[in-house]
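Working notes for the structure below.
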Amino acid sequence: MRRTLPVIALCVALLSSSAAVEAAPEAPLAEAAAPGSPPARAAAAPGPPAVATFSYGRHARQNITVYGDRSGHPALMILHGGSWLRDTDWSGWARWFAARGFTVYDTDYRLASDAAWPAQRDDVLAALRWVKRRGGGTPVVLGSSAGGHLAVSAGTYGAGRKRVRAVVALSPVASPYRAWTDGGMTAASSAQRGLREAAERLAGCSPATDGRRCLARWEDLAAKSHASGRDDAPMLLTHSAADFVPVAHSTDLAHAESGAGLRDVTVRIEPGSAHGGVLLKNPALAKAVLTWLRKRSAP
């Protein structure tokens with residue numbers, strides 16, 4: 001693979017604040033007409049995409065819900081957030097992306113209450129193999145918060161580019177150890193304290209008391225510890241300016257990747273305090289994400 005020059009693009013875009021929950025789109029995002037083209041007739045609304053659920057493993061959470069036609073469309077895997085401890089509903093966004101030309105694989109994985117790390121990464125890698133075996137090829141991946149952590153983990157573990165075409169991560173907890181540290185500070189918010197507890201449950205041990213084997217697991221949890229540059233997937237990493245998962249999670253990963261030779265890594269900061277899927281409620285960001293994914297899904 002060609003060596004590329006290390007580049008990080010740091011973009012700032014406008015976003016109005018919104019509540020920090022995983023949110024489905026409220027209305028379709030219009031596709032812009034080409035300049036100078038005549039007004040298009042209003043087209044009949046397409047029918048809802050086909051939906052089917054499959055198992056990729058034996059555990060009840062190891063399942064994938066597929067939206068859209070699986071023949072000839074680029075594959076998009078969605079990994080939900082929820083602090084590795086709960087499911088969140090991404091069916092609205094799955095339908096939204098399916099209506100715009102993707103076959104969407106909305107993927108569940110074992111939670112920290114089911115098994116400690118690296119079970120969650122193992123599940124994502126198994127789900128990616130399942131998609132490929134069934135004709136989905138190498139997908140692009142969209143992850144939110146804890147799901148963003150899993151998305152960047154899949155994109156950096158080993159030769160990430162071989163299994164993941166590109167990664168969009170919304171408020172990714174790219175370093176659970178940073179989240180653990182931030183959550184222990186006196187000024188930590190309740191969300192940060194909760195994320196600290198969740199990260200410790202994910203690791204299955206405390207970095208403060210449980211010795212070298214535990215510290216090795218915490219290092220393995222950090223996506224940047226696996227950064228290999230040109231062998232990893234392109235990344236678009238987005239946080240709000242006042243996100244309780246601060247942008248340092250992504251800038252640290254981006255610096256590690258660019259230093260190792262990955263050219264296509266962008267950190268984008270949105271004003272406000274929105275977290276995870278709520279970031280997509282800004283139409284400008286949703287359109288930017290859609291365009292970025294389409295470009296990197298092209299053959």
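Please work out if Ala126 is touching a Gly at 6+ places or on another chain (Cβ under 7 Å) and either at positive phi or open to solvent by 10 Å² or more (accessible area, probe 1.4 Å) (or both). Here the answer is yes, as Ala126 does meet what is asked.
Keeping to the range 129-150, report how many residues are over 15 Å from Ala166 (Cβ atoms) and open to solvent by 20 Å² or more (accessible area, probe 1.4 Å). Result for the range 129-150: 5.
Looking for something farther than 16 Å from Arg178 by Cβ and either surrounded by 20 or more Cβ atoms within 10 Å (Cβ to Cβ) or in contact with a His (Cβ under 8 Å, 6 or more places away or on another chain) (or both) - is there at least one such residue anywhere in the range 238-249?
yes
Taken together, the residues in the range 160-208 that are open to solvent by 30 Å² or more (accessible area, probe 1.4 Å), farther than 21 Å from His239 by Cα, of a type in the set (A, V, I, L, M, F, W, C) and under 22 Å from the mean Cα position of the chain (by Cα) amount to 0. Checked against the criteria, Ala112 does not count as out of contact with any Pro (no Cβ under 7 Å at 6 or more places or on another chain), closer than 26 Å to Ala298 by Cα and of a type outside the set (D, E, K, R). Pairs meeting the criteria (first residue in the range 263-278 and of a type in the set (Lys, Arg), second residue open to solvent by 20 Å² or more (accessible area, probe 1.4 Å) and assigned to a strand (DSSP E or B), beta carbons under 7 Å, at least 6 apart or on different chains) are Arg268/Cys11.
Taken together, Ala256, Ala216, Ala260, Ala288 contain a single residue that is closer than 20 Å to Pro118 by Cα, surrounded by fewer than 24 Cβ atoms within 10 Å (Cβ to Cβ) and modelled with pLDDT of 95 or more, which is Ala216.
The values are calculated or read from the model by the stated rules, or taken from the named source; none is laboratory data. Source: prediction; values computed, not measured. Positions of Cβ are backbone-derived with ideal geometry, glycine not excepted, and every protein chain shown enters the neighbour counts. In case anyone asks, the SASA skips ligands and DNA or RNA and just uses the protein heavy atoms, side chains included. Shrake-Rupley method; radii C 1.70, N 1.55, O 1.52, S 1.80 Å.
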